[in-house]
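A.B. asks: Below is one structure. I have some questions about it.
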Amino acid sequence: MKSINLNIQDAVYFADAQFKANEAAAVEAITKLAEGSGEGSDFIGWVNLPSETSNELIDRINATAARLRENCDYVVCIGIGGSYLGAKAVTTALSDSFADFYAPRPKEPKLLYAGQNIGEEYTAELQKLLEGKKFGIIVISKSGTTTEPAIAFRILKDQLEKQAGKDAAKDLIVAITDANKGALRAMADKEGYETYVIPDNVGGRFSVLTPVGLLPIAVAGHDIAKLIEGAAEMEKSTAHPGEDNIAMTYARVRNALYQSGKKIELLVNYNPKLHYFAEWWKQLYGESEGKDGKGIFPASVDNTTDLHSMGQWIQEGERSIFETVLSVNKPAVSVRVPENAENLDGINYLAGKNIDEVNKMAELGTKIAHVEGGVPNMQIKLDKLDEFVLGQLIYFFEKACGISGYMLGVNPFNQPGVEAYKKNMFALLEKPGYEKETEAIKAKL
Ligand code: PA5
């Protein structure tokens, strides 16, 4: 049962000819993904991941999550990029917006994040928050050598060992990393941490449905079996080419719009719970497609908030953008605008309406204005926000990304460009092994 619908009618007519012409390329892309015959096919383990996820793995992850929930008031999830954004996206979408402002309750630890930046204040403030608290750590790094999480882990591991004692700390740390390689694997084996493996053939930005995303999501109290179930449904319905394959259709429309000069895609939401979903999506599409001098630039806005900041540009700026709107059909709760006898604010015409009715009219009004202003608009309608629907949405975007990358003619599964900054940073920090680079970069300063 599909809980997601894709509406392309206000987008496709902007690039009708290109859309009609790209069907064969989309079919070829789907075939490459199915047969593993495309570039980067060492990294397409995510394609069948939902249907191949065992109940044993889900049960084990739930057991680890229950242990951390039992013993911690805070669980710090350390990771960056693909080792962070998926969990953050799902937990933000499914959790109370103000969860962090309530005191921790027994068996409901707060999920915190670290190692996703190298902000000194952020780290110091996190250390301060955790002072004297019962906390645990999930440290995630596929390579096991990424600088940002390595720094955060060194600092927080020290703090945990001081606060809980080395023996107890060992049981409060879980490492998710490669089966054999990397510093994190070596450290986890030496210290005796519980570990989960990130499959070799699943790249970071496609790893949310592995323990990388599943363990933090389970710690936050969400139903990971349902998430996988939703993803498996979408895996089935997008396996073959056809008009009802919405991943193929989305990839085709993006590709057609790109060919017609629309170089920027805005992922738009009208629900603040989806803010981090857009951050996850930006990494997925940005790292997969932005290479060889090509690729749609993925950007995002949170509406109606950003209509008051970015709205002018979207309505009347350079006509190089298109929008993909994430629209949630049913909010989980109901809040009505009250009647007011004095009506000093002049909004009695809204009295009795749900907030969401107002939001939906803002969405519709914006769509009509933007389309008339030359901005193609696709809509992804979600029945509601729950684990099953989010599982479908995650897989939908992953599959469409693989198809879209192949249609663009790039290898969607590598990220060579990410190394450039690292090389310079290591050279500037005089990392052993980078002596030549250090000399060369210092000569430029
Ligand atoms: O998609 C990717 O491969 C990257 O964004 C990685 O997820 C990110 O750099 C973190 O890497 P690692 O998990 O090796 O620490």
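A.B. asks: Taking loop as defined by DSSP and a crowding limit of 12 other beta carbons within 10 Å, which GluC sites (Glu not before Pro) in region 82-179 fit?
C.D. replies: Numbers: sites: Glu120, Glu121, Glu125, Glu131, Glu161; in loops: Glu131.
Here the GluC sites (Glu not before Pro) that fit, given the DSSP loop and packing criteria, are Glu131.
A.B. asks: Listed here are the pairs Lys110/Lys384; Lys110/Lys423; Lys282/Lys353; Lys2/Lys273; Lys20/Lys367; Lys157/Lys273; which of them are more than 27 Å apart at the Cα?
C.D. replies: On the way: Lys110/Lys384 24 Å; Lys110/Lys423 35 Å; Lys282/Lys353 34 Å; Lys2/Lys273 21 Å; Lys20/Lys367 24 Å; Lys157/Lys273 31 Å.
Over 27 Å Cα-Cα: Lys110/Lys423; Lys282/Lys353; Lys157/Lys273.
A.B. asks: If amide hydrogens are placed 1.01 Å from N in the peptide plane, which non-local residues have theirs closer than 5 Å to the one on Phe297?
C.D. replies: Hits under the 5 Å cutoff: Ile264, Glu265.
A.B. asks: Oh, and also: Report the gain in length on full extension from Glu23 to Ser95: 0.36 nm times residue separation, minus Cα-Cα distance, nm rounded to one decimal.
C.D. replies: Details: separation 72, 0.36 × 72 = 25.92 nm, distance 3.92 nm.
Roughly 22.0 nm would be gained on extension.
A.B. asks: Then there is this: Please list 341-354, 50-63, 320-333 highest first by mean number of surrounding beta-carbon atoms within 10 Å per residue. Kindly include the intermediate steps, with their values, before the conclusion.
C.D. replies: On the way: 341-354: 10.9, 50-63: 14.8, 320-333: 18.1.
The densest-packed peptide leads the list: 320-333, 50-63, 341-354.
A.B. asks: Then there's this: Calculate, for Lys133 and Ala183, the FRET efficiency according to 1/(1 + (r/R0)^6) with r their C-beta to C-beta distance and R0 35 Å; round to the nearest 0.05.
C.D. replies: On the way: r = 27 Å, r/R0 = 0.77.
That pair, Lys133 with Ala183, gives E of 0.85.
A.B. asks: Counting helices only, and only those DSSP H runs with n ≥ 4, report the 222 nm mean residue ellipticity of the chain as the sum of -39,500 (n - 2.57) divided by its residues, in deg cm²/dmol to the nearest 500.
C.D. replies: On the way: 19 runs with 216 residues, N = 445.
The helix-only estimate for the chain comes to -15000 deg cm²/dmol at 222 nm.
A.B. asks: Which distance in nm do the two modelled labels at Ile347 and Thr31 give, with both placed 7 Å along the Cα-to-Cβ direction?
C.D. replies: Result: 5.6 nm between the two label points.
A.B. asks: Okay, moving on. Considering Cα pairs under 8 angstrom that are at least six residues apart, work out the relative contact order of the chain and quote it in whole percent. Don't jump to the answer; show the numbers that get you there.
C.D. replies: Values: 759 pairs, mean separation 106.3, N = 445.
The normalised contact order for the chain reaches 24 percent.
A.B. asks: Okay, next question. Can you tell me the relative contact order of region 49-227? Whole percent, Cα pairs under 8 Å, sequence separation 6 or more. Intermediate values should be presented prior to the final figure.
C.D. replies: Numbers: 289 pairs, mean separation 55.1, N = 179.
It rounds to 31 percent for region 49-227.
A.B. asks: By how many nm would the segment from Leu429 to Asp171 grow when fully extended, if each residue of separation counts as 0.36 nm and the alpha-carbon distance is taken off?
C.D. replies: That pair, Leu429 and Asp171, stretches by 89.5 nm at full extension.
A.B. asks: Same structure again: Using every alpha carbon pair in the chain, what percent of pairs falls into each 10 Å bin from 0 up to the bin containing the largest distance?
C.D. replies: Spelled out bin by bin, the chain gives 4, 19, 28, 25, 16, 6, 1, 0 percent.
A.B. asks: Here's something else I'd like to know. Using all Cα-Cα distances in region 403-445, what percent lands in each 10 angstrom bin from 0 up to the longest?
C.D. replies: The percentages, shortest bin first, are 27, 33, 18, 21, 2.
A.B. asks: Distance between Cα centroids, region 46-75 to region 389-445: provide it in whole Å.
C.D. replies: Value for the Cα centre distance between the two parts: 28 Å.
A.B. asks: Please work out the ratio of the alpha-carbon Rg of region 49-227 to 2.2 N^0.38 Å and round it to two decimals. Mind showing how you got there, number by number?
C.D. replies: Details: Rg = 14.9 Å, N = 179, 2.2 N^0.38 = 15.8 Å.
Cα Rg divided by the expected 2.2 N^0.38 Å: 0.94.
A.B. asks: Go through Gly373, Ile403, Thr210 and say which Cα lies farthest out towards the positive end of the charge dipole of the chain; charges sit on Cβ, +1 for Lys and Arg, -1 for Asp and Glu.
C.D. replies: Selected residue: Thr210.
A.B. asks: Amide H to amide H under 5 Å from Leu112: which residues, 5+ apart in sequence or cross-chain, H placed 1.01 Å off N in plane?
C.D. replies: It is Val75, Val76, Cys77, by chain and number.
A.B. asks: Another question about this same structure. Which whole-number percentage describes the relative contact order of region 265-359, with Cα contacts under 8 Å and a sequence gap of 6 or more? Don't skip to the answer; put the middle values down first.
C.D. replies: On the way: 96 pairs, mean separation 30.3, N = 95.
32 percent.
A.B. asks: Further question on the same structure: For the chain, build the charge dipole from Cβ charges (+1 Lys, Arg; -1 Asp, Glu) around the Cα centre, then report which of Leu156, Ala93, Leu266 sits farthest towards its positive end.
C.D. replies: Among Leu156, Ala93, Leu266, the one farthest towards the positive end of the dipole of the chain is Leu156.
A.B. asks: Which distance in nm do the two modelled labels at Ala299 and Ala124 give, with both placed 7 Å along the Cα-to-Cβ direction?
C.D. replies: Taking the two extended label points, one gets 3.5 nm.
A.B. asks: Let me ask another. Once label points are set 7 Å from the Cα along Cα→Cβ at both Asn117 and Glu56, what is their separation, rounded to one decimal in nm?
C.D. replies: 4.2 nm
Read-outs: derived from the displayed coordinates by stated rules, not from any lab. Please read all numbers here as calculations on a predicted model, not as lab measurements. So basically every Cβ, Gly included, is an ideal-geometry build from the backbone, and we count neighbours across all protein chains shown.
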